[in-house]
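For reference, the structure is listed below as C-alpha cells.
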Protein chains: 4
Amino acid sequence: MGRGGRRWRVLHLTVLAAGLLAIAISSIDGLPIWTDDVLTAIVVLVAVVFFGEYLVRLWAAPESNRFAGLSDGMARLRWALSINGLIGLLAVFPVLAITFSSIHAGNEWAPIFCVFWILKLSVHAPAMTTLARVIANERATLASVVIIFVMVLVTAAALAHMLERELQPKVFGNIPESLWWAVVTLTTTGYGDVVPKTVGGRMVGSLVMVSGIVVLALLTGILATGFSEEERRREYLRVWDQVTRVPMFAELGTVTLSEIVSKLRVRHYPPRIVVVRRDEPGDSMFFISEGEVEVRLPRGSVALRQGGFFGEMALLDRLPRSATVVTTQPTTLLVLYASDFYEVAANIPSLVEAVEREARRRRAENQGAPAKVETP
Amino acid sequence: MGRGGRRWRVLHLTVLAAGLLAIAISSIDGLPIWTDDVLTAIVVLVAVVFFGEYLVRLWAAPESNRFAGLSDGMARLRWALSINGLIGLLAVFPVLAITFSSIHAGNEWAPIFCVFWILKLSVHAPAMTTLARVIANERATLASVVIIFVMVLVTAAALAHMLERELQPKVFGNIPESLWWAVVTLTTTGYGDVVPKTVGGRMVGSLVMVSGIVVLALLTGILATGFSEEERRREYLRVWDQVTRVPMFAELGTVTLSEIVSKLRVRHYPPRIVVVRRDEPGDSMFFISEGEVEVRLPRGSVALRQGGFFGEMALLDRLPRSATVVTTQPTTLLVLYASDFYEVAANIPSLVEAVEREARRRRAENQGAPAKVETP
Amino acid sequence: MGRGGRRWRVLHLTVLAAGLLAIAISSIDGLPIWTDDVLTAIVVLVAVVFFGEYLVRLWAAPESNRFAGLSDGMARLRWALSINGLIGLLAVFPVLAITFSSIHAGNEWAPIFCVFWILKLSVHAPAMTTLARVIANERATLASVVIIFVMVLVTAAALAHMLERELQPKVFGNIPESLWWAVVTLTTTGYGDVVPKTVGGRMVGSLVMVSGIVVLALLTGILATGFSEEERRREYLRVWDQVTRVPMFAELGTVTLSEIVSKLRVRHYPPRIVVVRRDEPGDSMFFISEGEVEVRLPRGSVALRQGGFFGEMALLDRLPRSATVVTTQPTTLLVLYASDFYEVAANIPSLVEAVEREARRRRAENQGAPAKVETP
Amino acid sequence: MGRGGRRWRVLHLTVLAAGLLAIAISSIDGLPIWTDDVLTAIVVLVAVVFFGEYLVRLWAAPESNRFAGLSDGMARLRWALSINGLIGLLAVFPVLAITFSSIHAGNEWAPIFCVFWILKLSVHAPAMTTLARVIANERATLASVVIIFVMVLVTAAALAHMLERELQPKVFGNIPESLWWAVVTLTTTGYGDVVPKTVGGRMVGSLVMVSGIVVLALLTGILATGFSEEERRREYLRVWDQVTRVPMFAELGTVTLSEIVSKLRVRHYPPRIVVVRRDEPGDSMFFISEGEVEVRLPRGSVALRQGGFFGEMALLDRLPRSATVVTTQPTTLLVLYASDFYEVAANIPSLVEAVEREARRRRAENQGAPAKVETP
C-alpha cells in the first residue's frame, strides 16, 4: 500500500469513528437540544462522505482488476451487486433517511446506522478472506461441531425444564426459557440470572459446562489447524509474487526456487523505519524486492535498491550487525531467518555460493569505487 | 451425496425441527386449549414419519455395505441393535406413548421426546466419527486430564467447605454443595450464586480459576494435536479413493502417486456452482474425478468430464483465470494448491511435464476441432 | 497392563470412591446419629486398605525397576521418601487421626482426608508425567506468561481501586479487595459479586477481560506446541520398545527402521475385542508385538501370534476387510495407517516388497496346509 | 545466568514484593496511625534501592553490548531513553513524590506506584521478546481479529440498545452503556449485572456469546501457530550459539551441522542438579557445551567437562542409565532425544560413527588410565 493508500485509510477510519461516536452520543438521554442538530449534521456529513466514496468506487469499477474483461456498464453493475457495493449503498442510507423522513441522530432508529457503517470496517481487514476460506475448507467438520452444540443445547434445555420447573417456574417454566439458560451455560458465560437449584438440574448444568469447554477446545483445534495451513498457502503466494523481482533468484531453477520460496517471509515497511540496528545481534538476512533502503556505515551512507540484499554477515559469520539500515521509501523485503538459511543450505548449496559470490563481487567493486554498494 | 440424498436431508431436518418446535411450544403455559390438539397431532405425525423411516432402514439393512455377508434376517437384527437402530427406535417411542397412554404434547413427560429426537441429528454429522476416533486415540491422555479435573474439583470443594462453612453455612455447608461451586468456578462459568468471602476461600477460588484455564489449555492442546493428525489421515483416504479415477495419475508409479495424494484436497460441489471466475487471480488447479463442468470461454462453452483438469495456467504462468468454470452436475474435484504444486514439482519433475504435455496435446487437438476441449 | 493389574485398578478406584463418598455424606448436617458410626467405619476401613497397600508397596520396593541397584533397606527408604511414598503415608493418616484422637467422619477436620486421598488418583494418570515434562521444558515461556498474568492483575487492581473506591468503598476499598475482582475478571469467570460502575473502571475492566482471553490463547499455544512435541517423543519410544519383537522388522537396517518407527502407533487391547470387522472398509494394517489374535475366516478360525501381521490387503489392494479379527489375550498391536504406509513406501521400497513377500509365502504355506496362517 | 545473576534476581524480586505489599497494606482503612510511617519508610527504601539500580545501570550502559560503538555519554543517553531506562525512571518517581510533596503510602495517589513498579517485572520475563515478535509477525491477521471483535461489539451494542431500552432503560438506555454489556458478554465473562430480557435481546446475546468463543478460538489458533514457529527459530539460534563449543561437532561440515542443530535442545542447569539417575530408563543423550558434571559410577566419580558427552548408551543399546550424573557448576547441556537421534542417523550416518568412535576411544583411554573419563 502506497502513501496515498495509507492516508486514505486514516481518513476513512476517522470519518467512520466520528459517525459512530455521533450516533453513540446522540443515544444518551438528557443532552441539551442544540446537540441534536450538531450530531445530525455530523451524521449527514459522514453519510455524504460515504456517498462520495460510493460514487468514486462505482465510477472506477471498470479499472478494477476483477472486472477487466467486461464493458464499463456491466463492470459497474457487477460491482454495485457485489458485497462491497451493497455495503457501500447501506452506508449511504442514513443521509437519505434523514433527508426524506423524520429520522435524525437521536431518533430511535438511528442506532441501526451504526450497524450499516461498522460493516465498512471489513474493508480494512484483508485477513478476513483467509478466515472465510478456512471456514469454507473446514465446513464439514465445523458443521459437526455446530450439530454437537445444538444437540447439547436442546437436550440440556429439555432436561433442565423437566427437573427445575417445579422449583423455578418463572425461569425454567418452558423450553424456550430453558434454552436461554443452556446457551449462557454452554458458552461458559454464566450470567447467573438463571441458575439450577435441584440436584438433578445441577448435574445437567455441570455436564453442560464441561461440554462447553470441550466444544471450545474442538473449535480451537479445528480453526487452528485450518488457519495454519491456509496461512502457509497465502504466504507462499505472497513470496512467489515478490521473489521474481530479485535478479539473483532468477538464476535458480524452478525446483530450487520453490524450495527457497517456502522459507522466505514477506515484510512491508513504511519509509524511515530502522530495519536493522548497528551492533545488535542479528538472526536474518534481507532481500529487497521493492523500494529502497539506506545503509548507514561509519564512513557514510549507501543506498540499496530492488534486487539488493543485506544482513548476510549475521548468517555467514554470526557477527552483530555492522551498520544501521533505514528504509527511504515504502519498501518490501524478503526475510530469510538463520534457522531456515542453514536448512536451505543443506539442500541447496548453490545458495550459499551465490550469496558469497555476490558479497565478494560487491566488495571488489567497492574497492574500485569506494563506499558505493557495501552491505552491512 | 446425490440430489435425492440432499432432498432427503432437507426433509429430514425440516420434520425434526417441526417436532422439536411443537414440543417447545407445548411447554409454554397459558396457551389456548385447541393448540394442544394441534401440537399433539404434529408430534404424532413426526413420530409416524420417523417410524416409517425406521421400517425402511430396517428393510434395507441387508443392502447396506456393512452387512454384506450376512443373511437378510441377521443383517436386520444387527442393524436394529446398532447405535443408529436404537436411536431410530427411541425416536418412534413418542407415538406409542401418545397412543397407548395419556402422554401428549403439553404433558409433563413430553420434553423427553426432544432428547430422543435430537439424537437423530448425529446422522447428519459425518465428522463425528473423526471426533470419536480422536477421543479413542488420545484416551490415555484425556483420561489424565479428567483425573486432574476431578482432583482439583474434590480438593477445592473440601477446602472451600472447611474455610467458608462458618460464614456461609447455606451454600458451603456440606461437600456436595461445595462441589457445585467448584464446577461452576473450574469451568470459569461463574454464575455468582455461590461466591467465597473469606480470604482463604478466595485464595482457593483464585487457584481453581487459574487451574480452569490451564485445564482448558491442556484439553485444547490434546484435541488440536489429535484432530489435525486424524484429519490428515482421513483426507489421504478420501483423495486415494478419488485419484484412481483420473487417468493421467494412473500412469504414475505408486511411490510418485503417494507423494501427490498427500498434497491433493477433495472438494465436492453441487451443480451450478462457479468454481473459478474469469479474470480473478488463481492459486490452484483442479482435476475432475467425478461429474462434469462447463468452461465458459469468450467464444463459447466447453464441457470437461471425469479425468479432465483446468486452472493449470494459474500455476504454470501465474496469470489470472482465462475462463469461468461452472459445475453442471454434482462434481468432485481434486485441488492442487500452488504452494504444493511446486513442492511436488521439486520432488517429481514428471508431474510438470505431464501437465504441460497434456495441455499442449489439447491445444493441438483444439486447432483441428476448434473450441472443443480447451481449458481455462 | 495384565488382567490382575486391571482388577486392582478397579478395586482401588472403588475403595477411593467409597471413602470420598463417606466423607462427603458425613459433611451433610442433620443426618441421624447412627450414620456417623457407619461412615466412620467406612473411612477407617478405607484408610486400613490404603495402609495395607502402603505396607505391600514398601515391602516390594526393592523389586521395583527404579531401585534395582540398591540394598533392600535403602530401596525401601528411598521409596518412602519418594512422592508416591509420601502420598501413601498421607492417605493412611485418617486412620491414625480417628484412632488416637477425637477426629471422626462428621468432624470438622474430616474433609481434609478427601484432599489426602484424592492425591492417590494421580497413580492412575500416567500421562501426568508427560504433562510434567512439558511444563519443565517450557518453563521459561510459561514463567513469562505467569509474569504477564501478575502484571495485569496488580495493575488492574491498583487502577480499579483508584477509580472505584469513591463509589464502591466496600468492594474496591483497598488493593487486596480489588485483587479478588481482578482475578475473577482476568480468568473471565465473572461471578458478578464485584462489578466496576464508573466509566474509567469499566474501561480498565474491559482491558482486563481482553487480556484474559489473550493470556488463555498464549497458554494454549505454548502447552499445545510443547504437548504435541512431547507426545511424538513418547510414542517413538513406545514403538521402539515394541518393534524389536516383530521379526520382519529385525531384518531391516537401523536407518530404515527408525523411519518406520516414527510412522507406527502402539495400541493396547484387552482380550475379546474386535480389532477389524469383516466387510468394513479399512485404512490400516497391524503387526502383533505381544499377545494373540483370532482371525475368523468363513471356513474357520486361525490364530496369529507375536510377529504376525494382518490387514495388509486394505493397504495393498484397497479392499474391505476379508475377516473379523478378535484378540484372545491382552494384545499389543503396532498400527500402520494407509497415509503413512505409502509415505514410507516412497522412501523405503523394501517394506512393500517385504509385506508382499511375507503375504505370498503364507499363502503358499496355506495351500500345503490349508487354513492355518491366512491373514484377512 | 551465573550465581551472582541469580542472587541479584532473588533480591530484586524480594524488594519489589516488599514495595508492592507495603502499598497494598497501606490502602486498607482503619490501620493504626504508626503503620503509615512504617509503610512510607518501606516505600521510600524500595524506591531508593531502585534509584541506586537506575544509577548503576546508567553508569554501566557503555559496557553493554548494545551500545558498543558509541561514546560513553551517547550510550548513557540512549539507555536513558530506551524502554528499560524509562521504566527505571518511573520506578524512582515515588521517592521524589514523597520527598517533595505530601504524597505518602496511604495517600490516595500511592496505588499508582504499584503500576510503576510492576513494570520492572518485565525484566525477568525474557520470553516477552518472543511474544512481541509473534505479535509483530502476525500483526495483519491479529488486526483482522481485532476488527471482527470491534464489529461484533458495536453491532451488538446498537442492536441490544434498540431491543432492550424499553424494558431496561437504566442499563441499555444508551449505546455506551450497551457497549459495557457487549464487552462482558463477548469475552464470556458474564458478570450478570446487565442481562437482556426480551426474546430479541437474548437472541443477539446468544450470537455474541458464540462469537466470543469463535474469536477466542481464532486468537488461539493464530498465536499458537506464530508462537510455535518463533520458538523454533529462537531455539535454533540458542543451539547454534552453544554447538560450536563442542569439539566433536566442529569436525562436521556446515550442512550436516545445520541438520543436527535443528534437533538439539538447550538446557541450563544450576549446580548440584541430578541430570540422569542410575537405573532409570533414558531417552536422550547429552553434550556439555558449558560447565562441568560429575559422573557417579559404582567404583568412584569422574568429571566431564566442556565438549564431553554422556548418556549415549541409552540411545545405542536402549539400556537403563549406568550412572548418576550431577552438575557441579552452572552447566549448559545440549540434549538429543532418541526420536531425533535416529532421524538424524537416517540422514547423517557419520554422527552414529562419530559417537561410537568417541565412545570406543574413551573406553580404550580408560583402560590405560582407569576411571578417568568414562561415561554412563
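The values are calculated or read from the model by the stated rules, or taken from the named source; none is laboratory data. Nothing here was measured: the structure is a model prediction, and the numbers come from that model. Cβ: placed from backbone, ideal geometry, glycine included. Neighbour counts: every protein chain shown.
Here is how the numbers come out for the structure above:
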quantity	calculated
Number of the condition not met by residue D:281 [criteria: (1) within 14 Å of chain A (Cβ to nearest Cβ); (2) not in a strand (DSSP E or B)]	(1)
Residue in the range A:67-75 that is of a type in the set (Phe, Trp, Tyr) and at pLDDT below 85 present	yes
Test result for residue B:197, closer than 30 Å to residue C:217 by Cα, outside any helix (DSSP H, G or I), more than 9 Å from every other protein chain (Cβ to nearest Cβ) and charged (D, E, K, R)	no
The lone exception for residue A:202 - which of (1) under 25 Å from residue D:141 (Cβ atoms); (2) basic (Lys, Arg); (3) not assigned by TED's automatic domain parsing to the domain that holds residue A:310 it fails	(1)
Residue in the range B:223-234 that is touching a strand residue (DSSP E or B) at 6+ places or on another chain (Cβ under 7 Å), of a type in the set (D, E, K, R) and more than 11 Å from chain C (Cβ to nearest Cβ) present	no
Residue A:267, sole failed condition from (1) among the basic types (Lys, Arg); (2) assigned to a loop (DSSP other than H, G, I, E, B); (3) in contact (Cβ under 8 Å) with a residue 60 or more places away in the chain	(2)
Subset of the range B:1-45 (residues that are charged (D, E, K, R) and under 24 Å from residue A:140 (Cα atoms))	B:3, B:6, B:7, B:9
Identity of the residue in the range D:30-45, surrounded by fewer than 15 Cβ atoms within 10 Å (Cβ to Cβ) and not aliphatic (A, V, I, L, M), that ends up nearest to residue D:113 (Cα to Cα)	D:37
Unmet criterion (only one of (1) modelled with pLDDT of 80 or more; (2) more than 14 Å from chain D (Cβ to nearest Cβ)) for residue C:93	(1)
Candidates C:294, C:280, C:290, C:259 - the one that is within 31 Å of the chain's Cα centre (by Cα) and under 30 Å from residue D:232 (Cα atoms)	C:259
Boolean, residue A:136 is over 18 Å from residue D:206 (Cβ atoms), at the interface with another protein chain (Cβ under 8 Å from one of its Cβ atoms), at pLDDT below 90 and surrounded by fewer than 16 Cβ atoms within 10 Å (Cβ to Cβ)	no
Single residue of D:203, D:209 found to be surrounded by 16 or more Cβ atoms within 10 Å (Cβ to Cβ), modelled with pLDDT of 80 or more and within 11 Å of chain A (Cβ to nearest Cβ)	D:209
Hey, residue B:7 of a type in the set (Lys, Arg) and within 14 Å of residue B:123 (Cβ to Cβ) or not	no
Hits in the range C:164-185 (condition: surrounded by fewer than 22 Cβ atoms within 10 Å (Cβ to Cβ), more than 9 Å from every other protein chain (Cβ to nearest Cβ) and over 18 Å from residue B:202 (Cα atoms))	C:166, C:167, C:168
Residue match in the range A:192-199 (condition: over 41 Å from the mean Cα position of the chain (by Cα) and of a type in the set (Gly, Ala, Ser))	no
Output for the range B:114-129, where each listed residue is in contact (Cβ under 8 Å) with a residue 60 or more places away in the chain, at the interface with chain A (Cβ under 7 Å from one of its Cβ atoms) and either of a type in the set (A, V, I, L, M, F, W, C) or surrounded by 15 or more Cβ atoms within 10 Å (Cβ to Cβ) (or both)	B:114, B:118, B:121
Among (1) facing chain D (nearest Cβ under 9 Å); (2) in a loop (DSSP other than H, G, I, E, B) - the single one residue C:272 does not satisfy	(1)
Test: residue A:352 is part of a helix (DSSP H, G or I) and within 13 Å of chain D (Cβ to nearest Cβ)	yes
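A quick yes/no check of all residues on (1) of a type in the set (D, E, K, R); (2) on the phi < 0 side of the Ramachandran plot; (3) in contact with a Ser or Thr (Cβ under 6 Å, 6 or more places away or on another chain):
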position: C:211; (1), (2), (3): no, yes, no
position: C:228; (1), (2), (3): no, yes, yes
position: C:237; (1), (2), (3): no, yes, no
position: C:241; (1), (2), (3): yes, yes, no
position: C:247; (1), (2), (3): no, yes, no
position: C:258; (1), (2), (3): no, yes, no
